[in-house]
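Visitor: Would you mind keeping the following structure in view while I ask a few things?
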Amino acid sequence: MKKVVKFGGSSLADAKQFKKVADIIHADETRRYVVPSAPGKRFGNDTKVTDMLIATYELAAKGEDIHKKILDIKARYDEIITGLNLDFSLDQDFVEIEEELKKNPDQDFAASRGEYLNGKIMAKYLGYTFIDSKEVIFFDEEGGLNSYKTNKVLKEKLDELEHAVIPGFYGCSKDGRVKTFSRGGSDITGSIVAGACHADVYENWTDVSGFLVADPRIIDNPAGIKTLTYRELRELSYMGASVLHEDAIFPVRSAGIPINIKNTNAPEDEGTWIVESTGQKPEFTITGIAGKKGFCAVDVTKSLMNSEIGFGRKVLQAFEESGINFEHMPSGIDTMTVVVNQDEFLSKEQSIVSTIHRLAKPDSVEIESDLALIAVVGRGMRSTRGTAGRIFSALSHARVNVRMIDQGSSELNIIIGVENDDFDVAVKAIYDIFVETQF
Ligand code: ASP
């Protein structure tokens, strides 16, 4: 049995948190490879070290003095080192980082140092080997992960070591420079390490006990999700549930490795298991509810549209030419609706409308703004009669007007469009009918 454990920024924000993390690692000898984030927030309005580093880079890029900023960041690490009673110093690292940023300001290099330095402390504290991720994680020319090279080099390295610390969030670009993933990317590193060493489990430790059925900002103390499939996770995180970086599932998914989301502050909680497939029935028919505000629906109408070959393509081409991604596309006999992100769309609205007219010659194009989309996700819906009926009667009782419905044939989710102002009420109504009432 072999586990890869990734700890997020709040799990490593100070010495107290580091101690909890070490206890967790030592409690299970199969927890062999450790992927740390940079120190996160210690309290509500604290600043993450990664943000401090990016701000330092911005000053350096303008040619301004960064010494004070470097000292502030160093103080964060020194506080951890002292709190852990370590005979260890990062003084030389900070001299080198400051010099490098003055000489050659680079945002990715700056941002990556948060994980790099935290990894060094963690390795020293645990007595494990430190592996610089720049030596084992590689990007290709397009900036994507070079999985082949990464897996090969990383596997060889890990095969030599019983335990190791591999800092999250960065690797090496094609031209040999430090390159980071997008924000929150240590989750991806953990997944890559788990995939490369064929771990049995990828444990992702954070400050919540896994995924919740609905957003706790809308629902008071919502129920947790025990098991989630990769596909359900994709749907939920795309629609705003943000416990894990969206791209973190790919390396483990292709290797069939489950992810266990765990809480550093409540390690005994089971957390959420994310698996390829499961025979376990979700507790509440639906697995989760997620959603976002701020969409526009562009309704394109044309008589006899149903028999015109290529109509849909022409409409979508108008969006493509303006570089606008579409989210959903429910359609009727003579209408099709293209749902897009409102902020992106509004800046290009008129040119898109005129391109639709030029290419597709519709009877009319109408735009509805301020829509919210709610995704009700669940593998259990396929085998349960009446799920849609329950959702819509709950919404109607809550006096929410449904503006759009989209259900994929996979029956893994139902997407419901409501007005932005009805968003919270709608989520509550759906949550209540499945989780509270459970008739
Ligand atoms: N430290 C980076 C961030 O704040 C990466 C991570 O924590 O996963 O985005």
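Visitor: Please verify whether segment 390-407 includes one or more residues that are within 24 Å of the chain's Cα centre (by Cα), surrounded by 13 or more Cβ atoms within 10 Å (Cβ to Cβ) and of a type in the set (D, E, K, R).
Guide: Just the residues of segment 390-407 that are within 24 Å of the chain's Cα centre (by Cα), to begin with: 406-407.
Then keep just the ones that are surrounded by 13 or more Cβ atoms within 10 Å (Cβ to Cβ); that gives 406-407.
Subsequent filtering for residues that are of a type in the set (D, E, K, R) retains 406.
Checked against the condition, which is being within 24 Å of the chain's Cα centre (by Cα), surrounded by 13 or more Cβ atoms within 10 Å (Cβ to Cβ) and of a type in the set (D, E, K, R), segment 390-407 yields at least one hit.
Visitor: Ok, one more. Does residue 73 satisfy the criteria of being surrounded by 21 or more Cβ atoms within 10 Å (Cβ to Cβ), modelled with pLDDT of 95 or more and within 20 Å of residue 186 (Cα to Cα)?
Guide: So residue 73 fits the description; yes.
Visitor: Further question on the same structure: Kindly establish whether residue 355 is closer than 30 Å to residue 256 by Cα, hydroxyl-bearing (Ser, Thr, Tyr) and buried (at least 19 other Cβ atoms within 10 Å of the Cβ).
Guide: no
For (1) closer than 30 Å to residue 244 by Cα; (2) surrounded by fewer than 17 Cβ atoms within 10 Å (Cβ to Cβ), each residue gets a yes or a no:
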{"site": "280", "(1), (2)": "yes, yes"}
{"site": "302", "(1), (2)": "no, no"}
{"site": "308", "(1), (2)": "no, yes"}
{"site": "314", "(1), (2)": "no, no"}
{"site": "325", "(1), (2)": "yes, yes"}
{"site": "342", "(1), (2)": "yes, no"}
{"site": "378", "(1), (2)": "yes, no"}
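Visitor: What's the number of the only condition in (1) more than 30 Å from residue 228 (Cβ to Cβ); (2) touching a residue at least 24 places away in the same chain (Cβ under 8 Å); (3) within 31 Å of the chain's Cα centre (by Cα) that residue 365 fails to meet?
Guide: All conditions pass for residue 365, except number (3).
Visitor: Hey, another quick one. Being at pLDDT 95 or above and not hydroxyl-bearing (Ser, Thr, Tyr): is that true of residue 345 here?
Guide: The answer is yes for residue 345.
Visitor: Taking interchain pairs and intrachain pairs at least six residues apart, which have beta carbon atoms under 7 angstrom, with the first residue in segment 278-298 and within 18 Å of residue 239 (Cβ to Cβ) and the second of a type in the set (Lys, Arg)?
Guide: Note: pairs meeting the criteria are 282/379; 287/379.
Visitor: When you check residue 41 against the structure, is it under 20 Å from the mean Cα position of the chain (by Cα) and free of Cβ contacts under 8 Å to residues at least 60 places away in the same chain, yes or no?
Guide: yes
Visitor: Which residues, taken from segment 1-10, are crowded, with 24+ Cβ neighbours inside 10 Å and either near the ligand (Cβ under 10 Å from one of its atoms) or more than 16 Å from residue 123 (Cβ to Cβ) (or both)? Can you show your working first?
Guide: As a first pass, look at segment 1-10 and keep what is crowded, with 24+ Cβ neighbours inside 10 Å: 4-9.
Across segment 1-10, the qualifying residues are 6, 7, 8, 9.
Let's see how each residue does on (1) in contact with a Pro (Cβ under 7 Å, 6 or more places away or on another chain); (2) within 16 Å of the ligand (Cβ to nearest atom); (3) modelled with pLDDT under 95:
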residue: 117; (1), (2), (3): no, yes, no
residue: 136; (1), (2), (3): no, no, no
residue: 143; (1), (2), (3): no, no, yes
residue: 146; (1), (2), (3): no, no, no
residue: 158; (1), (2), (3): no, no, no
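Visitor: Between a first residue in segment 123-149 that is at positive phi and a second residue that is outside any strand (DSSP E or B), which pairs have beta carbons less than 9 Å apart while being 6 or more apart in sequence or on different chains?
Guide: 127/163; 143/173; 143/174
Visitor: Step by step: first the residues of segment 99-133, then only those that are within 24 Å of the chain's Cα centre (by Cα) and among the charged types (D, E, K, R), then the one that is nearest to residue 17 (Cα to Cα). Which residue is that?
Guide: 115
Visitor: Quick check on my filter: what residues within segment 76-113 are of a type in the set (Ser, Thr, Tyr) and crowded, with 16+ Cβ neighbours inside 10 Å?
Guide: Within segment 76-113, 77, 112 qualify.
Visitor: Could you list, in sequence order, all residues of segment 101-115 that are within 21 Å of residue 14 (Cα to Cα) and either of a type in the set (A, V, I, L, M) or in contact with a Ser or Thr (Cβ under 8 Å, 6 or more places away or on another chain) (or both)?
Guide: 110, 111, 112, 114, 115
Visitor: Among the residues of segment 227-246 satisfying the criterion of being crowded, with 18+ Cβ neighbours inside 10 Å and within 15 Å of the ligand (Cβ to nearest atom), which is nearest to the chain's Cα centre (by Cα)?
Guide: By that ranking, first place goes to 245.
Visitor: If you scan segment 31-78, which residues turn out to be part of a loop (DSSP other than H, G, I, E, B), of a type in the set (A, V, I, L, M, F, W, C) and more than 13 Å from the ligand (Cβ to nearest atom)? Walk me through how you get there before you give the answer.
Guide: So in segment 31-78, the residues part of a loop (DSSP other than H, G, I, E, B) come out as 37-48, 62-66.
From what is left, the residues that are of a type in the set (A, V, I, L, M, F, W, C) are 38, 43, 66.
43, 66 - these are the residues of segment 31-78 that are part of a loop (DSSP other than H, G, I, E, B), of a type in the set (A, V, I, L, M, F, W, C) and more than 13 Å from the ligand (Cβ to nearest atom).
Visitor: Still on this structure, I have one more. Here are the criteria: (1) within 16 Å of the ligand (Cβ to nearest atom); (2) part of a loop (DSSP other than H, G, I, E, B); (3) in contact (Cβ under 8 Å) with a residue 60 or more places away in the chain. Tell me which single one residue 208 does not satisfy.
Guide: Just one mismatch for residue 208, condition (3).
The values are calculated or read from the model by the stated rules, or taken from the named source; none is laboratory data. Given the structure is predicted, the values throughout are model-derived calculations rather than measurements. Because the Cβ atoms are built from the backbone with ideal geometry, glycine has one as well, and the counts that use them run over all protein chains shown.
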